[in-house]
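Novice: Below is one structure. I have some questions about it.
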């Protein structure tokens, strides 16, 4: 049986993550409050941020920026979108 959560991003009860996907307190909050569907939305958004800002996952500043954006994406006012971002039709 799937674990259900009240997803803070989608505002619905949905299937929760199978395991914590991020370390620390933020990872635990995500595990308890974010659905699989919302996590996939974050992964797409994170990829866009990394590509548009040309971030390296091994750069500590980039990791800190992405963690801040993740917090905003799920629990704040929403993560930013780069000014120059133009999604393909």
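Novice: Rounding to the nearest 10 and keeping the result within 0 to 90°, find how far the Cα-based axis of helix 36-53 lies from the longest principal axis of the chain.
Specialist: Helix 36-53 sits at roughly 10 degrees to that axis.
Novice: Considering Cα pairs under 8 angstrom that are at least six residues apart, work out the relative contact order of the chain and quote it in whole percent.
Specialist: Relative contact order comes out at 23 percent.
Novice: Now a separate question. Decide, for the chain, between rounded, prolate and oblate: order the square roots of the alpha carbon gyration tensor eigenvalues as a ≥ b ≥ c, take rounded if a/c falls under 1.5, and otherwise choose prolate if a/b is larger than b/c, else oblate.
Specialist: prolate
Novice: Something else now. At 0.36 nm per residue, minus the direct Cα-Cα distance, what do residue 26 and residue 4 gain on full extension? Give it in nm, one decimal, please.
Specialist: My answer for the length gained is 6.1 nm.
Novice: Roughly how tilted is helix 24-33, in degrees to the nearest 10 and between 0 and 90, from the longest Cα axis of the chain?
Specialist: 60
Novice: Further, regarding this structure: Could you work out [θ]222 nm for the chain from helices alone, using -39500 (n - 2.57) per DSSP H run of at least four and dividing by all its residues? Round to the nearest 500 deg cm²/dmol.
Specialist: About -16000 deg cm²/dmol.
Novice: To test your reading of the geometry: what angle, between 0 and 90 degrees and rounded to tens, separates the Cα axis of helix 60-75 from the longest principal axis of the chain?
Specialist: 50
Novice: Of 46, 28, 69, which has the largest mean-square fluctuation in a 10 Å C-alpha GNM of the chain?
Specialist: In this elastic network of the chain, the residue with the biggest mean-square fluctuation among 46, 28, 69 is 28.
Novice: Let me ask something else. Where is the GNM fluctuation largest for the chain (alpha-carbon springs, 10 angstrom cutoff): 73, 65, 31?
Specialist: 65
Where a number appears in this text, it was derived from the coordinates with a stated rule and is not lab data. Since we're looking at a predicted model, the values are computed, not measured.
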